[in-house]
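Take a look at the structure below.
Any read-out appearing in this document is the output of simple, stated calculations on the displayed coordinates, not a laboratory observation. Not measured: the values here are computed from a predicted model. Positions of Cβ are backbone-derived with ideal geometry, glycine not excepted, and every protein chain shown enters the neighbour counts.
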Amino acid sequence: MIDEINKLAKEFLTLSKDKPIRIISHHDTDGITSAAIIAKTLKRLDKKFSIKILKNLEGKTIKQELKKPGILLFTDLASNSLEHFKETSTPIFILDHHQIDKDKLTDNIRIINPHLFNEEEISGSGICYLFSKAISEKNKDLANLAVIGMIGDRLDKNISKIAQQIINEAQDLEIKKGLQIFSATRPLKRSLEYSSSTYIPGVTGSSIGVLELLREVNIPPEKTLCELTKDENQRLVTAIMVRRAKQRESDEIIGNIYLLKFFNRKEDVRELSTQINACSRLGHPDIALAYCLENSKAKTQAENIYVKYKQQLVSALSLIEKIPKVKGNGFVILNAKEKIKDTIIGTVTSILSSSMNYEEGTILIGMAYDKDKIKVSARIVGKAEKNLKEILEKSLVEFEAEVGGHQAAAGCLLKKEDEEKFINILKKNLEIEVVKI
Ligand SMILES: [Mn+2]
């Protein structure tokens, strides 16, 4: 794959000579860091470029983009949209890691996707970094951004060889074992309350519960996870394990903590990644991008948005418990309608899937309105033995909607008028899925 990247980088430089470059990237942390890596690379070459960040890449957007002059470079998306490039002869560059339909590849598409090389998993930002390094070794400092993107896509559970190499090349990165509660560099009274990655019953989302827990283990609420003594850390781990006693064993509460110097302060990479994601999802991809490019005004803005995001998340979590649910054998449909923002319904459903409220194997379907559309997010509790993407695809045959994601986490955007009909079909398909197993 590396040889192919080198070749592609050369071609890119030749073909983009004297031409404006238009970068189109995905709106999650991996997509934003991908765009940031390319932006820095092109800036160093003194090239003209523009950046567009998209929630999802639609056929009509591609059509419009193809009419404009210049070179198109897609990062962290487009592998799923190859059919829209067949009517053009313009060279298209794609750096992506999403599922790809090889049959739809045409000669004008120049693409790097690990699935084409039978490579192990690597993030979009990781591929962009390798591309950038192929252009110049001087871009090695951009490995930090690739690490943030990798954590954003949660690829740190199973680190491939290439990903490990990128980690090794990152500067000022420190990795240590610890509780999977972020941020490890902020006061525990905050990080425990918002710890959506490790769900603690009675503590996550409850400031009173947090203070009770800290009093019980005799740890000052202002201390950060990184500042704890060995004893304090052990007491905290034990207390959390007790509260999670009923939890499934598959969830691990101890893991690697990535600390990276950002704006001259040591930061928890999971928090950076969540901040970038929050900014972008709440409608400010421009701020997210500028933040990655270490613009100090963007830093203040990003922090303010993040505070709002955390508040929204905590209130959405308590709200979702109260809305009426459609419960079936092995599945729960949570239709929040207009009560929860479409931008956070996926995160809320993810957090619920790691809480102990549902049995292992339960399929959770979160739904929320997005103007005249409905955002649907499917998650599974525990290990995924069912293919959520397939289930959604099967349920959407009659509708105009494209399914994104993969086996364990999938989603789509549906027309509001199809709400009832979709729920009925989905219910039937979920029942069938349960019978199958
Ligand atoms: Mn990605």
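A compact table of results
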| read-out | value |
| --- | --- |
| Loop-located trypsin sites (Lys or Arg not before Pro) in region 326-377 whose Cβ has at most 13 other Cβ within 10 Å (DSSP) | 337, 371 |
| Set 19/63; 7/47; 52/161; 60/394 screened for pairs whose C-alpha atoms are more than 28 Å apart | 52/161 |
| Inter-label distance for residue 420 and residue 108, nm, one decimal - labels placed 7 Å from Cα along Cα-to-Cβ | 4.5 nm |
| Low-density loop cleavage sites - GluC sites (Glu not before Pro) in region 1-81, where at most 16 other Cβ are within 10 Å (DSSP) | 58 |
| Equivalent-ellipsoid semi-axes of the chain, from the Cα gyration tensor, Å, largest first | 35, 29, 19 |
| Sites residue 101 and residue 296, calculated FRET efficiency, Cβ-Cβ separation with R0 45 Å, nearest 0.05 | 0.55 |
| Spacing of the two label points (7 Å from each Cα toward its C-beta) at residue 137 and residue 337, in nm | 6.3 nm |
| Only Lys, Arg (+1) and Asp, Glu (-1) charged, at Cβ; region 174-316 dipole about Cα centre in debye | 80 debye |
| Packing rank of 387-394, 122-129, 142-149, 98-105, where each peptide gets the mean count of other beta carbons within 10 Å, highest leading | 122-129, 142-149, 387-394, 98-105 |
| Computed [θ] at 222 nm, helices only, for the chain once each DSSP H run of length n ≥ 4 contributes -39500 (n - 2.57) | -13000 deg cm²/dmol |
| Calculated FRET value between residue 47 and residue 116, using beta carbons and R₀ = 22 Å, to 0.05 | 0.25 |
| Cβ-placed point charges (K, R +1; D, E -1), dipole of region 361-419 about Cα centre in debye, nearest 20 | 320 debye |
| Region 175-256: trypsin sites (Lys or Arg not before Pro) in DSSP coil with no more than 12 other Cβ atoms inside 10 Å | 246 |
| Residues of region 397-417 with amide N under 15 Å of a point placed 7 Å along Cα→Cβ from residue 432 | 397-399 |
| Selection from 205, 136, 279, by position along the positive dipole direction of the chain (Cβ) | 279 |
| Likely footprinting exposure, 367, 241, fewest C-beta neighbours within 10 Å first | 241, 367 |
| Residue-count net charge about residue 368 - beta-carbon cut-off 9 Å; Lys, Arg +1, Asp, Glu -1 | +1 |
